[in-house]
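Visitor: Take a look at the following structure, please.
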Amino acid sequence: MKKGFWILMLVAMVAISVYIISSARAKQAMPPREDVSGKEASAFSPKEDALGKPAGKGSEQLKVSGPVWVEE
Amino acid sequence: MSFLRNTYKIFVVIILAVVFFTAYNVYLVDRSMVNLRTALEKATLEAKTINDFNRIKSLLKVPILKEIARTDAPSKDLIYMELAENVASSAKDTKQIEDIKLYLKTIISAKEKERGGFSSFLDKLNTALFGPTVTLSMPELEAKEKKLIARIARTKQKEPLQRLYYDLGNVYLQMSDLPKTEEAFLRAIDIDPTSDLATKAKFNLAWSYKHAGEYDKAVSQFRDLAKEHPKNELAIKSQYEAADALYKKGDYQQAKDSYVDLAGQHPGSSESDIALFQAGYVSYFNLNDTDSAVKYFSELENEFPQNVIAKHTKEKTRKIMASEYNRAGYMLLRAKDYLKAIENFDKALGIAPDYGRSMAGKGLASYWLGDKAEALSQARRAMEISMDDEVAVINALFIFINCKEIDEAIRVGEQALAGKAMERSEFYYNLGYAYVIKANIDKAYREFGRSIKLNPDFIFAYNNLGCSFWVERKYSDAVNKFREAIDRGEDYAEAHFNLGVAYFYLNQLEDAAKEFKRVLVIKPGYQEAQDFLDKIKETLKYEP
């Protein structure tokens, strides 16, 4: 009887934990994919980073995608 | 006997607990607070579609009936609850949930103030422990009915008898039995028609007609009451209820006129603010008359500048009204019809001058029309009026960055982030981009990382994160990010190009050539890709 009670408690605790975790995840749902048609690729030419260290070779030739605008 | 000696403490505890909880439930707890708090929770967390509003409506039924059963004039809470119920029943736009939230918050905070700290704490505890009461218990109501009828049979004095009939009327009202409600209230009135309780019985009778859907009867009864007792507190409330009955009937024009009359006749009353608000609300949502709505809201805001409803119209309702023009403006931006977009944004701003996203939209149009000074001034104005609007902030950052005001973009981005947690990947992406331009790669990493966390398919963020890794000479991480960008967007030419550049400098020339060839398939004539291919051919001495 006692053993059965503890097994039931354990099952209930696991079920509650699963419920709490899954509902917390559901609340963190990702926002819908935005339309970002304002994209612009622009040249990127750092010779060094903010601390003055030399940048990786060929950094100035990489293409950084530009800022985006969004609708609602 | 020895059993009782051993266990009496447990019995005492149980009896004390039962006594405490009975007293607690009967005298301390305001049960309607459980329903109101639950309704507010649903409105805040769960109401995503107009159908979800119905669940809020069902939670309001019991608190409304409880409020109407009071002996004295109902408080303003009744109006707010009925307004929340009206919006929940006839909402056309999910954004109207903001109105329901306003009404519920106003009632809850007024009740909390009235009940004091300890009682409010008990109410909160009660909400956490017990669920709301959605329906009234029929057996309980029938028991009350029997008890009252028995007491009526043995009561001879006028005053207590009138009170008993009044209580009986309220029981029948809760049972939704109109003929019996009518009979009980009419008896209460007949006993002493000049008493205050008779006036309240008339009010409740009119309200019963409204509750039962007999709107014409309700309107005439409320209007008679207002005429008969012009000095009574119930007169203005009756006038308001008559307007509400007309609204529920669907006679929106008359309802609006009645709200306007009330606000004009009783300018200082506690109902005049809500009457002006309703006049504007019905004008916009039911009569499609935006100009009148703006006029009534302006009157409300000018007459009651500190009023919570007036603040709500400024911050929320006007923006809901302007949202159609705003949406059209953004669609026109996409269609590259910038002048028409500005026209729509101007209309939106005419309705809601504090609508930051329309101001930012206007800034985008000015930027694409080549007027950078105007674009910057509009982006700055948008940030002055609503830095908490994420769409406005993202678009203002777009303008600042493209107008080479990178320091301003970073300052605004950091300020916006200090005010609230931003929820859109594009915000962190634009801020990350501004940091890249300033060669502040550590911060750029952080922002692109946040952007990807919010939207794992945001290919531009992977590409730019790859660039940031490359600058920091984290070559394999950079290659991985360029590949991740390509995995999510096979035709993303810049990511193929960057991967080609990475392979080139890592001396993986054949892999690099493959990427540059892919770039040329996606974007024929991409000269830099062709130059790299030529260099590779020269080094390898064969066509890779």
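No lab work stands behind these numbers, since they all come straight from the coordinates. Computed from a predicted structure; not experimentally measured. Cβ coordinates were reconstructed from backbone atoms using ideal geometry, including for glycine residues, and neighbour counts include every protein chain displayed.
Visitor: For a footprinting-style exposure proxy, rank B:482, B:516, B:118 by other Cβ within 10 Å, fewest first.
Guide: B:118, B:516, B:482
Visitor: Under unit Cβ charges (Lys, Arg +1; Asp, Glu -1), what dipole magnitude, rounded to 20 debye, does the range B:107-252 have relative to its Cα centre?
Guide: The dipole magnitude comes to about 340 debye.
Visitor: Once the mean 1/r over all distinct Cα pairs of the range B:225-372 is inverted, what Kirkwood radius in angstroms do you read off?
Guide: Values: mean 1/r = 0.0599 Å⁻¹.
Here the Kirkwood hydrodynamic radius works out to 16.7 Å.
Visitor: Further, regarding this structure: Convex hull over the Cα atoms of the protein assembly as shown, averaged projected area in nm²?
Guide: On the way: hull surface 165.0 nm².
Taking the Cα atoms of the protein assembly as shown, their convex hull projects to 41.2 nm² on average.
Visitor: Next question. Given Cα positions, please report Rg to Rh for chain B, the hydrodynamic radius being the Kirkwood one. Show your work: numbers first, answer last.
Guide: Details: Rg = 33.0 Å, Rh = 28.5 Å.
Expressed as Rg/Rh, it is 1.16.
Visitor: Same structure, new question: Averaging the inverse of every distinct alpha carbon separation and then flipping it gives the Kirkwood radius. What is it for the range B:260-322, in angstrom units? Please report the intermediate quantities before stating the final value.
Guide: Numbers: mean 1/r = 0.0885 Å⁻¹.
By the Kirkwood definition, the hydrodynamic radius is 11.3 Å.
Visitor: Moving on. Provide a whole-number value for the mean count of partner chain Cβ atoms within 10 Å of the Cβ atoms in peptide B:463-473.
Guide: Details: counts 5, 6, 0, 2, 8, 7, 1, 9, 13, 5, 7.
Counting other chains' Cβ atoms within 10 Å and averaging over B:463-473 gives 6.
Visitor: So which of B:48/B:111; B:517/B:537; B:111/B:314; B:404/B:453 end up more than 19 Å apart, counting from Cα to Cα?
Guide: Numbers: B:48/B:111 27 Å; B:517/B:537 12 Å; B:111/B:314 25 Å; B:404/B:453 27 Å.
Listed pairs above 19 Å: B:48/B:111; B:111/B:314; B:404/B:453.
Visitor: Among B:416-428, B:387-399, how do they line up by average Cβ neighbours within 10 Å per residue, starting with the highest?
Guide: B:387-399, B:416-428
Visitor: What residue among B:172, B:366, B:209 has its Cα farthest toward the positive end of the dipole of chain B, where the charges are +1 on Lys, Arg and -1 on Asp, Glu, each on the Cβ?
Guide: My answer, from the dipole projection, is B:172.
Visitor: With unit charges on the beta carbons (Lys and Arg positive, Asp and Glu negative) and the dipole taken about the Cα centre of the protein assembly as shown, which residue among B:36, B:131, B:413 sits farthest to the positive side?
Guide: After comparing all options, I get B:131.
Visitor: Still on this structure, please answer the following. Using square roots of five times the C-alpha gyration tensor eigenvalues, list the equivalent-ellipsoid semi-axes of the range B:201-305 in whole Å, biggest first.
Guide: Those come to 24, 17, 8 Å.
Visitor: Then there is this: Filter A:63/B:523; B:347/B:420; B:146/B:217; B:66/B:202; B:180/B:248; B:202/B:237 down to the pairs with a C-alpha to C-alpha distance above 19 Å, please.
Guide: Among A:63/B:523; B:347/B:420; B:146/B:217; B:66/B:202; B:180/B:248; B:202/B:237, the Cα-Cα distance tops 19 Å for B:347/B:420; B:146/B:217; B:180/B:248.
Visitor: Additional query: Could you please rank B:32, B:58, B:238, B:269, placing first whichever residue has the fewest other Cβ atoms within 10 Å of its Cβ?
Guide: B:58, B:269, B:32, B:238
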